[in-house]
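Working notes, beginning with the structure itself.
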4 protein chains.
Amino acid sequence: MNPINGIFVPHVVPYSADGSLNEGVLREIVSWLIGKGVSGLYPNGSMGEFIRLSFEERKRVVKIVADESRGRVPVLAGAAEPNTDLVLEMCRFCADLGCRAVSITGPYYYKPSQESIETYFREIAANSPIDIVLYNIPAFSTEISVPVLTRLALDCPRIVGTKDSSADMCRFLHIMNAVKPQRPDFSVLLGWEELIVPAIMMGADGGTLSTAGVAPEAIMRIYNTVRKGDFEEAKRLQYKLLELFQTMLKAGNFPAGFRLGYKARGFDIGHARFPCSEEEAVLLGEVAKKIACLLGECGLDEKLPRCDLPGFHSKTPYSGKQAPAGQLASAILDRTRVEQLVREVMASMK
Amino acid sequence: MNPINGIFVPHVVPYSADGSLNEGVLREIVSWLIGKGVSGLYPNGSMGEFIRLSFEERKRVVKIVADESRGRVPVLAGAAEPNTDLVLEMCRFCADLGCRAVSITGPYYYKPSQESIETYFREIAANSPIDIVLYNIPAFSTEISVPVLTRLALDCPRIVGTKDSSADMCRFLHIMNAVKPQRPDFSVLLGWEELIVPAIMMGADGGTLSTAGVAPEAIMRIYNTVRKGDFEEAKRLQYKLLELFQTMLKAGNFPAGFRLGYKARGFDIGHARFPCSEEEAVLLGEVAKKIACLLGECGLDEKLPRCDLPGFHSKTPYSGKQAPAGQLASAILDRTRVEQLVREVMASMK
Amino acid sequence: MNPINGIFVPHVVPYSADGSLNEGVLREIVSWLIGKGVSGLYPNGSMGEFIRLSFEERKRVVKIVADESRGRVPVLAGAAEPNTDLVLEMCRFCADLGCRAVSITGPYYYKPSQESIETYFREIAANSPIDIVLYNIPAFSTEISVPVLTRLALDCPRIVGTKDSSADMCRFLHIMNAVKPQRPDFSVLLGWEELIVPAIMMGADGGTLSTAGVAPEAIMRIYNTVRKGDFEEAKRLQYKLLELFQTMLKAGNFPAGFRLGYKARGFDIGHARFPCSEEEAVLLGEVAKKIACLLGECGLDEKLPRCDLPGFHSKTPYSGKQAPAGQLASAILDRTRVEQLVREVMASMK
Amino acid sequence: MNPINGIFVPHVVPYSADGSLNEGVLREIVSWLIGKGVSGLYPNGSMGEFIRLSFEERKRVVKIVADESRGRVPVLAGAAEPNTDLVLEMCRFCADLGCRAVSITGPYYYKPSQESIETYFREIAANSPIDIVLYNIPAFSTEISVPVLTRLALDCPRIVGTKDSSADMCRFLHIMNAVKPQRPDFSVLLGWEELIVPAIMMGADGGTLSTAGVAPEAIMRIYNTVRKGDFEEAKRLQYKLLELFQTMLKAGNFPAGFRLGYKARGFDIGHARFPCSEEEAVLLGEVAKKIACLLGECGLDEKLPRCDLPGFHSKTPYSGKQAPAGQLASAILDRTRVEQLVREVMASMK
């Protein structure tokens, strides 16, 4: 098997009006992304709300993605199931579907010791019929420490890589330093858009970037630019990416902002599986326009509405010396500030 | 319906050798606890590893507990399912079984805004056929803030109480102060053994205490003592409880230490659903003896082995002026220290 | 020497218009507090902005307090100087002035290991001519862990007590449990108003409460009530205290809110030694009225303006069944919300 | 004035046997560093234990450094004094000595709001006779948020740069993105060795790196390599730097490990101004040998002892494909583990 590299897309799950999986739109997204040149697909990640699906729904998502992609790109499927037996059942299921590997987070809810987490992954690695990527996302689940990750990488052939969404560049460098000299084929993938250019400059093998589901053209352009060594242009694009990513990251409850991005690209994906308050819904409507404009700015105007937000300076991309486009964005984006304002205004109207 | 009060037991789930639910032992535990006089049962709490069970297994646990208790005590069942539809399905299931109420944590993994969490609970409360207890356990799931909890308590008749496992006495006092004057029948239950006496002194309605599954006699004695106003004796018992609780809390990965307590009381409950390392297993063996001795010290010698740990001063209960019993415990219990020592010793033997 | 107990007042430092120490007002405050029956005085605590004074100013503050109190009450003086030599110089200075003891925080800025902190306090204890109180305030300086505090308490005669401002009732109970049985004369003082009643119920020796500088009558009444065993009344007063404390705690930057309290009591103490923004200054003006009203509610109307805040239900003290007084307070107090609102409004006016 | 760029050295303060400043050795260090080609000097930083010196000692340190450097390199002097008046007094003092700028941290001990911190820096900037660098070091003092830093950078000509020791690459990128397009001459300096290469690749102006005081040859080589665009070699050196930095960072209490580095380079700098326990002192002795060997590995053998640590693979520098040198280091460096082990062994010998 080849090492895992390039840009994998942790995509959303679309729902129908009744809240059930929308298979048609999911297939549409998969083929659209493959058409845009992404390196691989990543169902059942945090973006895909895996934890809000039933076990059967998670299986169905992988099945649809594997079926629709028809081997055109590799599939890295989330398998962070609630106990070892179910993890292994999902591993077998994904193996049978021909997935390239599964991705498993550290435990959530409980916070076991690092020693126990190591034992847990060793057990899975010893019994899995499919390659494993260790998914570190300390904001949501217990961290997999660098020493544990290193020992697992050096001891377990089944564990072939890591996806790191800690937003911690130092952690990334320490993993590279600890693992790569002894196992150069171990894949180190960044799961944080803001660090993708410096990480690839420093040797990362690729990324699993949610933004790649919304703006695959932009992300693939960044990836290809930095891979071919055009660091000046890669740098420029990295800075340009910050605002789009932050806008989607901070809009409502993750992953709501990224879901707005899919809508801006024309996909009817329905509501996320967690409610938001009325005030937040109003706010999301505003941010949706902003996201559409930012995507337009990236030159991704296919299906996008023309930008007519007051004060939004379209067509003035960040060039290293000028004011960053979209100052409206910063006014919109401080969630706390805006939530509070909206509450206040609504309260005053009562 | 009467307000919920007294001591509810968040009990373990026993497993057979093959890892499946052990219905026989679960029934045994339920009837044993009822026989000891506990106020109610609490299946599918954090102690019951709800998150490591499948949806079907969680249903089966509640069914067994409801069936075995046969109305002798009320059942408060965990219903922290992964999305609103599944929460409501579990609510209906528990209602049909005649449970007194369900208990629902804040969201885990994702960390939605407090406004969204409020909306989430309002939706559930509007559609649930059974009373709801808000379960705040910030170590494992997103906090339910005091303002949100207060608004929910004052607006939603279906939300009849809270279980607080934050170990934060100030939070408890603020909840009491914000809710009780306007809704005196709202139940405030403490989920932290170390604060049970001061909390009841300050007006709490009871507790959901894991230790009550291991030492129901001791916990019910504390509860009855403080309820009847014998504060001096209650104080003495509260201090005495600290060591037993800390010993079980810090032994291995929660809830492993409490599971050792059940074993010490004679229940064959099998292994928790998360592995521990070999070194940790060795350590747990040591702590098991310690827990047995501490339980013996509490006068709970039924089924317990005689204590022959070197240096363990049995029969010298803490009396407010003497050295606390079981200095060995403090030597055993600092998990980090011991783990490291064991690793070191094992390394040196290689 | 007698053990330290009762209520010590960590008082403010008043400044003149030019920013220098205002000796006259400081003397006025000291004698006023003694007249109100407080147990002792505590210059150079966090309330006294010790870290914003020069070394010479700190000496002068203690000198004035010791001189003005003239042995009427004991003085516990802060001596958290930046290195061991300066700590010991301050210890000698306070000893010469006849202070009862000094209080020393864990290190600030740097975060040494617990082992080093233990060594640091052992060195000071071995060389100090005056008794020492260990001041734990983890919000501002490195925690002194329970094991370290216990070893110091049991080994060092010079270390005679602890002041705990962690707001952590569990920590308090563990300290009591670890130290008191072996050294009953070790003073355990609470530095958190919200826990004073339950802590004294559970055996605390007293408190160092900033509110005692603003409302000495109220705090001494609570202290005397709980000491004489009238727990029902003590409980009622504890709940009543929550709002006043939170109002002062959260108004602007600590200790600005408490300084407003002194002003409400008629003391011209000048501005704290850190600026606040214009918006915050406007907000503090609002909170000042609220604090005055809350103090009036406590029956402390001496020198206080009549309360005419709209919506403020004066003369309806919390009685356990009614709405808490001062709902305006909760509207005013969420600092983030208000700051943001004010910013927004001011921005919209430009 | 030219923008501040290059590598500034936050150097230690050497002490004589009696604990007083050792002026002779300080002058020796200053001239040695200048001889090694560093870009500038940085007295009274965190490395220089500014907070453990008296105000007079801090002045003396700057005076000696300014005097000894005689204009050969610019001096950036720490001025994080405890109140605005004293900050401004230090600003004037440094201006009179001809320093290039002062560096001021966010407030320590107290944690004022971001709005107040902004006001504080605006006041200082409006009154300072010398340029100011905003020093963000959230591990030790209150963070200066990106929006506040941005507003200050865009509004205050006196504020000419920032030193960022947050180890947060995302924060660095956001600062670059927010400030540079509008104020390209604003200096962004990294204060974290592990990120120096990627940061300069992404546009940073330089660094204030403690390691530059111990291994100025190595740091200047990295800086010059990345500046001239040799990214492959810069990358190799960046990875090589990780172990040396972590070894010094984690040895004992910061900045003890770096002080060992100065000793390894032959400077008699005495003990830091905070005690360490006996066990920690034993451990530091071991780490000292390790640091000497690591420095030797960097080719900095001037004055260094030959490395004869068992198991230390000298002369096998990290080359991207081999095992990292110094596996002993990782065995030595987990402070918690070793502390605990040493305690245990010493306890068992009693």
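Details
Matching residues to (1) at pLDDT below 95; (2) in contact with a helix residue (DSSP H, G or I) (Cβ under 9 Å, 6 or more places away or on another chain); (3) more than 19 Å from A:E194 (Cα to Cα):
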position	(1), (2), (3)
D:T150	no, yes, no
D:I159	no, yes, yes
D:M169	no, yes, no
D:M176	no, yes, no
D:S187	no, no, yes
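- Residue within region D:252-264 that is outside any helix (DSSP H, G or I) and modelled with pLDDT under 95 present: yes
- Positions within region B:197-222 being over 14 Å from the mean Cα position of the chain (by Cα), assigned to a loop (DSSP other than H, G, I, E, B) and either within 14 Å of another protein chain (Cβ to nearest Cβ) or at pLDDT below 95 (or both), in sequence order: B:M202, B:G203, B:A204
- Set D:N177, D:N127: member being more than 24 Å from the chain's Cα centre (by Cα) and under 30 Å from A:M176 (Cα atoms): D:N177
- Yes/no for A:I4 being closer than 27 Å to A:A153 by Cα and more than 15 Å from the chain's Cα centre (by Cα): yes
- Number of residues in region B:223-257 that are within 14 Å of chain A (Cβ to nearest Cβ) and among the aliphatic types (A, V, I, L, M): the value is 3.
- Residue match in region C:143-151 (condition: under 30 Å from D:G45 (Cα atoms) and away from chain B (no Cβ under 14 Å)): yes
- Any chance C:L195 is touching a Cys at 6+ places or on another chain (Cβ under 8 Å) and within 21 Å of B:I196 (Cα to Cα): yes
- For B:A101: the one exception among (1) among the small types (G, A, S); (2) more than 10 Å from every other protein chain (Cβ to nearest Cβ); (3) open to solvent by 30 Å² or more (accessible area, probe 1.4 Å): (3)
- Some residue of region A:32-46 being within 13 Å of chain B (Cβ to nearest Cβ) and under 24 Å from A:I222 (Cβ atoms): yes
- A single member of D:G261, D:G229, D:G257 is without any contact (Cβ under 8 Å) to a residue 60 or more places away in the chain and at positive phi, and it is D:G229.
- Region C:123-142 - residue that is among the hydrophobic types (A, V, I, L, M, F, W, C) and more than 24 Å from C:P198 (Cβ to Cβ) and, of those, farthest from the other protein chains (Cβ to nearest Cβ): C:I130
- Residue-level check: of (1) assigned to a helix (DSSP H, G or I); (2) closer than 20 Å to A:P255 by Cβ, A:S46 misses just (1).
- Residue in region B:171-187 that is nearest to the other protein chains (Cβ to nearest Cβ), counting only those that are surrounded by fewer than 19 Cβ atoms within 10 Å (Cβ to Cβ) and touching a Leu at 6+ places or on another chain (Cβ under 9 Å): B:Q182
- Out of B:I34, B:I7, sole residue that is within 23 Å of B:I132 (Cα to Cα) and open to solvent by less than 10 Å² (accessible area, probe 1.4 Å): B:I7
- B:I64 more than 22 Å from B:A153 (Cβ to Cβ), assigned by TED's automatic domain parsing to the domain that holds B:P138 and open to solvent by 20 Å² or more (accessible area, probe 1.4 Å): no
Quick grid of which residues meet (1) more than 21 Å from A:R100 (Cα to Cα); (2) surrounded by fewer than 23 Cβ atoms within 10 Å (Cβ to Cβ); (3) assigned by TED's automatic domain parsing to the domain that holds A:P181:
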residue: A:E123; (1), (2), (3): no, yes, yes
residue: A:N127; (1), (2), (3): no, yes, yes
residue: A:P138; (1), (2), (3): yes, yes, yes
residue: A:T142; (1), (2), (3): yes, yes, yes
residue: A:V146; (1), (2), (3): yes, yes, yes
residue: A:R151; (1), (2), (3): yes, yes, yes
residue: A:P157; (1), (2), (3): no, yes, yes
residue: A:K163; (1), (2), (3): no, no, yes
residue: A:D168; (1), (2), (3): yes, yes, yes
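- On inspection, C:E280 does not qualify as over 15 Å from C:A212 (Cα atoms), within 23 Å of the chain's Cα centre (by Cα), modelled with pLDDT of 50 or more and not assigned by TED's automatic domain parsing to the domain that holds C:E28.
- Filter pass, D:A167 being under 30 Å from A:F231 (Cα atoms), in contact with an Asp or Glu (Cβ under 9 Å, 6 or more places away or on another chain) and within 13 Å of another protein chain (Cβ to nearest Cβ): yes
- Among the residues examined, C:E89 does not qualify as in contact with a helix residue (DSSP H, G or I) (Cβ under 9 Å, 6 or more places away or on another chain), over 14 Å from C:I124 (Cα atoms) and surrounded by fewer than 21 Cβ atoms within 10 Å (Cβ to Cβ).
- Filter result for C:I175 (among the aliphatic types (A, V, I, L, M) and over 25 Å from D:A139 (Cβ atoms)): yes
The values are calculated or read from the model by the stated rules, or taken from the named source; none is laboratory data. Because the structure is a prediction, the values reported are computed rather than measured. All Cβ positions, even for glycine, are placed from backbone atoms using ideal geometry, and neighbour counts span all protein chains on display. These accessible areas exclude ligands, DNA and RNA; they are computed on the full protein's heavy atoms, side chains included. Shrake-Rupley method; radii C 1.70, N 1.55, O 1.52, S 1.80 Å.
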